[in-house]
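Values in this text are rule-based calculations from the coordinates and carry no lab data. Keep in mind it's a predicted model, so treat the numbers as computed, not measured. Positions of Cβ are backbone-derived with ideal geometry, glycine not excepted, and every protein chain shown enters the neighbour counts.
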2 protein chains.
Amino acid sequence: MMHASRRGFLGTAGLGAATGLIGATSNAQAQVAPSRRDIAIAASEPFYGIHQAGISTPMQDALYFAAFDLNTATRAEVVGLLQAWTKAAARLTAGLPAEPGVQETDSPPLDSGEAAGLNPSRLTLTFGFGPDLFSLDGHDRYDIAAKRPAALVDLPRFAGDELVAGQCGGALCVQACANDPQVAFHAVRQLARISYGTASLRWVQSGFSTANKTQGTPRNLMGFKDGTMNPAGEALAPVVWAGAEGPAWMSGGSYMVARRIRIALEHWDRMKLAFQEQTFGRHKASGAPLGGKAEFDAPDFQATDTDGNSVIPDTSHVRLAAPVNNDGATILRRSYSYNDGANFVAERWPPWRQAMEYDSGLFFQAYQKDPRTGFIKIFDRMSKIDALNQFTTHVGSAIFACPPGIRPGQYIGQELFEVA
Amino acid sequence: MMHASRRGFLGTAGLGAATGLIGATSNAQAQVAPSRRDIAIAASEPFYGIHQAGISTPMQDALYFAAFDLNTATRAEVVGLLQAWTKAAARLTAGLPAEPGVQETDSPPLDSGEAAGLNPSRLTLTFGFGPDLFSLDGHDRYDIAAKRPAALVDLPRFAGDELVAGQCGGALCVQACANDPQVAFHAVRQLARISYGTASLRWVQSGFSTANKTQGTPRNLMGFKDGTMNPAGEALAPVVWAGAEGPAWMSGGSYMVARRIRIALEHWDRMKLAFQEQTFGRHKASGAPLGGKAEFDAPDFQATDTDGNSVIPDTSHVRLAAPVNNDGATILRRSYSYNDGANFVAERWPPWRQAMEYDSGLFFQAYQKDPRTGFIKIFDRMSKIDALNQFTTHVGSAIFACPPGIRPGQYIGQELFEVA
């Protein structure tokens, strides 16, 4: 990791009179030895590398996600946008303003400024290419339709899908994660501004996580630990990174499936603890699988009670999600909870609640080398019989091919556009 | 400040097998001496006191705000709700689960659980009473209409108001602020659950701030420092706390005005830096008033340029907001930025943008001893001529009387209901 501050904002902005306060603050802070947490907050994640950051990177506190439509029919403009985004992303993740140069007072700001004085906050920016980039309404706009990977499938309609068009799809996406929500939003805002005229926002999503906090495995808003079975260490690479089985331009990349899952929290909160635990197949407080003692105990899917019923119920979430019950299918989950206000809901089953309910739940993101043998394989059955479905509704959906990382001087997706 | 962890969740939940992992984590952390920041994150704010916490308390990272309607005609049920909320709030702000007791597996959880293992995160819960508590549609439901303070006025319609009914008003409110958004939401969620049958959510708002970060005075999403002129130290009390001029039950309390202000960020970002600075009356990078050098320099409202124009323009935000230009009127601002997605906007003036735009801006909160001589006095003129209005739209509005703090054994608002 490298260290940087956004004091560069002042220098490059050419506002000499402005350097007093923030400079003084930074000097004062330099007198105090940084703690582990200060370092974690101040540190920046490397932008360049074999893989894009933000996939196997340990989760940050905050997410701001944006999907874009492309408004141009010109291949060169798409390439120009990816070049400009790459340059800006390298700067932003290092804690620098989006665009270099000397700020003139009679020009719009080179950077909107709300991250000035903030640390890089471990910002990562992860770019993805959606089906609409390769062809839109049958049009091969950019002469790349033949390069669409087979793994970038159109997601099937799953049981229970209640998708809202305005929260689905997109030609491009940017996933911004940082330990400060203002830093994450700031980054997407700069990229969207740079895209003006070429691309436009299609949908956005903000989220939060406790992965960095004192909680251990973070808890989702249903109060259960989420991510216990995630692949880690040496098990991660074979699950996540595309290889020689697909096009060379995606080798070292990954496929992202994003699902906006609204959760009926008010209803869930009125369910008995035993019912909640049967639904998940885990104990709520410890995260241990039913029949186990500790969070990371291997679930015993064969165990039965004295009546012959499965200790971990047949429709429980943990049973249906486990690789061992999916022919080994595994995904890397990197999900954030979301909280987008409240709106009116009329429940049509007990307790017959008709009231304002939280528009809240999980912005689920899964990374894998092939969604056909990853998310789709696992979720097809889950969408039909997971007991959790009584409380969850999938209202948004998208799939993106996230190309591999790059070296300085390259741009994201360069091989897709420049190698025959 | 006191220190606590949520390990109590495990103890009171009676789930002995569950204590392994979180306990181990906490012990491991105890081996490392806490830094200033660790302390700030772990610390809890006192719930009891002369004033409610969350008003003069230094701002936290995250806000979750909820306004409630009351669904009961029975005074005793309102009192019962305030008693239950008070008990739960004392526990939640100390990092304990919402309700005490031994968790039975065949009962709903005493606490939804997503804050288990998290620090108290400086959670504050601040309660307010809206006009609808005192009378609704002319009905004195709870026999307290005569006790409504004169200062709890119905806010007038201001120039430019585009208020959405579903984001206004309420009989009761809870402002939850914490250094973790999951802790803030968790707290309101428990209180809403406890209110089931008596009260229901009317509207909610989440927000974020960089007040705790390395930025100094936090910057709003327009990129400018926000709060430089806030009263501090000895100047705060005379501005904020109600005294003998009103009803005794509000002595030591404060009046909150909340305004949801959507900001046209995309449009703002295309304005020249000099124009932005003229609009605010301050330099963007330093926060110094125009004509000054440093953020806390006193603005010189008399200064003119060689053409005789005010250096700090007549319609600039800083001029119109300054106490010296408002017969001394002063408010304590405690505002959070918000980010609620994006939706379609058709701009009707240059640059004629028609696109998805951020539903984003400022959840403005002002505390004062009397809104008639505070927010209303200041904003009445500002709403007509502030240059900033070109980019801001007030879409939500509410006013609440926040009663004084309490001692253990009392409940919030007790004097309103029990003293003749």
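Given the C-alpha centroids of the stretch B:150-189 and the stretch A:231-245, what is the distance between them in whole angstrom? Computed from Cα coordinates, the inter-centre distance equals 47 Å. Size descriptors for the stretch B:265-399 (Cα atoms only): Rg and Dmax, in that order, 16.2, 45 Å. Ordered from longest to shortest, the equivalent ellipsoid semi-axes for the stretch A:326-372 are 33, 15, 7 Å, each the square root of 5 times a Cα gyration tensor eigenvalue. A DSSP coil position with no more than 16 other Cβ atoms inside 10 Å describes the following GluC sites (Glu not before Pro) in the stretch A:155-262: A:Glu162, A:Glu245. Just so you know, the averaged projected area of the alpha carbon convex hull for the stretch B:141-257 sits at 10.7 nm². Converting phi to 3J(HN,Hα) with the Karplus coefficients 6.51, -1.76 and 1.60 and the offset θ = phi - 60°, the stretch B:214-221 yields 7, 8, x, 3, x, 9, 7, 6 Hz in sequence order, with x at every glycine or proline. In angstrom, the C-alpha Rg and Dmax of chain A are 22.7, 79. Between amide H atoms placed 1.01 Å from N, distances below 5 Å from B:Ala288 occur with B:His283, B:Glu295, all of them 5 or more places distant or on a separate chain.
Just checking the listed ones, B:Glu99, B:Glu266, B:Glu277: in the Gaussian network model of chain B with Cα springs under 10 Å, the one fluctuating most is B:Glu266.
Need one word for the stretch B:193-243: rounded, prolate or oblate. Basis is the Cα gyration tensor (sqrt eigenvalues a ≥ b ≥ c); a/c below 1.5 gives rounded, then a/b vs b/c decides.
Oblate is the answer for the stretch B:193-243, as a/c is 1.5 or above yet b/c matches or exceeds a/b.
Calculated translational diffusion coefficient of the stretch B:361-412 (20 °C, 1.002 mPa s; Stokes-Einstein with Kirkwood radius over alpha-carbon pairs) equals 157 µm²/s. Quick one: grab the alpha carbon gyration tensor of the protein assembly as shown, order the square roots of its eigenvalues as a ≥ b ≥ c, and give me rounded if a/c is under 1.5, else prolate or oblate depending on whether a/b is larger than b/c. In terms of gyration-tensor shape, oblate. Working note: Karplus 6.51/-1.76/1.60 with θ = phi - 60° gives the stretch A:335-347 the couplings 10, 10, 6, 10, 8, 10, x, 8, 8, 6, 10, 10, 6 Hz, where Gly and Pro are set to x.
Within the stretch A:289-383, none of the GluC sites (Glu not before Pro) combine a DSSP coil assignment with at most 10 other C-beta atoms in a 10 angstrom radius. Of the trypsin sites (Lys or Arg not before Pro) found in the stretch B:300-363, the ones in coil according to DSSP and having at most 14 other Cβ atoms within 10 Å of their Cβ are B:Arg348. Peptide A:208-220 is shielded by partner chain Cβ atoms: per residue, an average of 6 of them sit within 10 Å of its Cβ.
Computed from backbone phi with θ = phi - 60° and the Karplus coefficients 6.51, -1.76 and 1.60, the 3J(HN,Hα) list for the stretch A:295-311 is 3, 8, 4, 5, x, 9, 6, 8, 4, 10, 8, 5, 8, x, 7, 4, 5 Hz; x is used for glycine and proline.
Where both bridge residues fall in chain A, DSSP classifies roughly 100% of the beta bridges as antiparallel.
Rounded to the nearest 500, the helix-only mean residue ellipticity at 222 nm of chain A stands at -6500 deg cm²/dmol, with each DSSP H run of n ≥ 4 adding -39,500 (n - 2.57). Once C-alpha pairs closer than 8 Å and six or more residues apart are averaged by separation and normalised to the residue number of the stretch A:21-420, the relative contact order reads 24 percent.
Of the DSSP beta bridges with both residues in the stretch B:265-399, give the percent that are antiparallel, rounding to the nearest 5. Before the final figure, lay out each step's value.
Values: 13 of 13 bridges.
If I count the DSSP bridges inside the stretch B:265-399, around 100 percent turn out antiparallel.
Straight-line cross-link reach from A:Lys213 at under 16 Å between alpha-carbon atoms covers these lysines, not counting any fewer than eight positions away in the same chain: A:Lys225.
The mean number of Cβ atoms from other chains found within 10 Å of a Cβ in peptide A:103-113 is 6, as a whole number.
I need the peptides A:224-231, A:139-146, B:214-221, A:387-394 ranked by packing, meaning the mean over residues of other C-beta atoms within 10 angstrom, with the highest value on top.
On the way: A:224-231: 20.4, A:139-146: 14.1, B:214-221: 21.9, A:387-394: 18.5.
For the peptides A:224-231, A:139-146, B:214-221, A:387-394, the packing ranking is B:214-221, A:224-231, A:387-394, A:139-146.
From the Cα gyration tensor of the stretch A:156-224, with a ≥ b ≥ c the square roots of its eigenvalues, which class applies: rounded if a/c is under 1.5, or else prolate if a/b is larger than b/c, or else oblate? In terms of gyration-tensor shape, oblate.
Mean partner shielding of peptide B:265-272, defined as the number of other chain Cβ atoms within 10 Å of each residue Cβ, is 5.
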